[in-house]
Amino acid sequence: MKKAVVLLSGGLDSATTLYIARKRGYSCFCLIFDYGQRHRKEITSARALAKRTSSRYEIIKLRLPEEASALTSRRIPIPQKRSLKTIGKNIPPTYVPARNIVFLGIALSYAESLGAKKIFIGANALDFSGYPDCRPRFFSAFSKAARTGTKAGKSIRIETPLLNKTKSSIIRAGTRLGVPYNLTWSCYRGKRKPCGTCDSCLLREKGFAGAGMKDPLL
């Protein structure tokens, strides 16, 4: 089968991306990153999704700088109850510096080693928190670097199937593919239940409401 590396965080976007890759006929190798995030519950979700799809996976432990992001430092408060019109307008404190550059770099190494021709990432640039490493021009620049900085060159492509989709359209597409959204996790707080007030929870709520569906986690 065709091989692909999938960045699997455990959220609904990455879960949908995994199912899209499988639908396209790829045998998926999932990379799950443990980088000291506060919402470590997403790692459990990612592992469950990989097992559900019978995908090979590996959990990569990294030590990213703790004090630069609300997701890695408990000293920085996670924004709560922001207006949906405000979310995505600037870079919030939940941004983890250069996270996707690091993750994609590792994924590129795995892809070249495994002979995989695709790297799938569930980045979204519409209903998103405003992270600079989730924008189209970033992926264009990274793809150029990947072509010039690897032996594989043009043979490995970065796939961003959700980049220009709304959260509701992502959920509708995932539902048609049978994505088990009850296994996903989005909340930045990572407690027993979603907080319902962080940016990620609010965007998730907007998505399910727009799709005319009920979030199975609520």
Say each of ILE60 and ILE101 gets a label point 7 Å from the Cα, pointing the same way as Cα to Cβ; how far apart are those two points in nm? 1.5 nm
In nanometres, what is the gap between the two model label sites at ASN164 and LEU177, each 7 Å from Cα along Cα-to-Cβ? 1.8 nm
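Would you calculate, for the chain, the mean residue ellipticity at 222 nm contributed by helices, counting each DSSP H stretch of 4 or more residues as -39,500 (n - 2.57) and dividing by all residues, to the nearest 500?
-11000 deg cm²/dmol
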Using the Cα centre of region 23-124 as the reference point, and only Cβ charges (+1 on K/R, -1 on D/E), how large is the resulting charge dipole? Debye, rounded to the nearest 20. 480 debye
With the charge dipole of the chain built from beta-carbon charges (+1 for Lys and Arg, -1 for Asp and Glu) about the Cα centre, the Cα from VAL102, PRO216, SER200 projecting farthest to the positive end belongs to PRO216
Return a whole-number percent for the relative contact order of region 2-210, with Cα pairs under 8 Å and 6 or more residues apart as the contact set. 28 percent
Net charge contributed by nearby residues that have their C-beta within less than 11 Å of LEU84 (K/R +1, D/E -1): +3
Per residue of region 115-120, what does 6.51 cos²θ - 1.76 cosθ + 1.60 with θ = phi - 60° give for ³J(HN,Hα)? Whole Hz please, x for Gly and Pro, Karplus curve as stated. x, 7, 9, 10, 10, 9
For the pair LYS2/ASN90, report the inter-label distance in nm, with labels modelled 7 Å from Cα in the Cβ direction. 4.3 nm
How large is log10 of I(q)/I(0) for region 2-210 at q = 0.10 Å⁻¹ when the intensity is taken from the Debye formula with one equal scatterer per alpha-carbon? -0.39
Determine, for each peptide in 139-146, 114-121, 103-110, the mean count of other beta carbons within 10 angstrom over its residues, then list the peptides with the highest first. 114-121, 103-110, 139-146
For region 134-218, Rg(Cα) over 2.2 N^0.38 Å is 1.39
Please tell me which of these pairs span more than 24 angstrom C-alpha to C-alpha: LYS41/LYS167; LYS41/LYS89; LYS89/LYS165? LYS41/LYS89
So, for the Cα atoms of region 44-83, Rg and Dmax in Å stand at 15.2, 39
Once Lys and Arg are counted +1 and Asp and Glu -1 for all other residues with Cβ under 12 Å from that of LEU218, the total becomes +1
Among 77-89, 161-173, what's the highest-first ranking by average C-beta atoms within 10 angstrom per residue? 161-173, 77-89
With +1 on the Cβ of every Lys and Arg and -1 on the Cβ of every Asp and Glu, and nothing else charged, how large is the dipole of region 2-210 about its Cα centre, in debye rounded to the nearest 20? 400 debye
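Values quoted throughout were computed directly from the atomic coordinates according to the rules given, and no laboratory measurement underlies them. The structure displayed is predicted, hence computed values, not measured ones. Because the Cβ atoms are built from the backbone with ideal geometry, glycine has one as well, and the counts that use them run over all protein chains shown.
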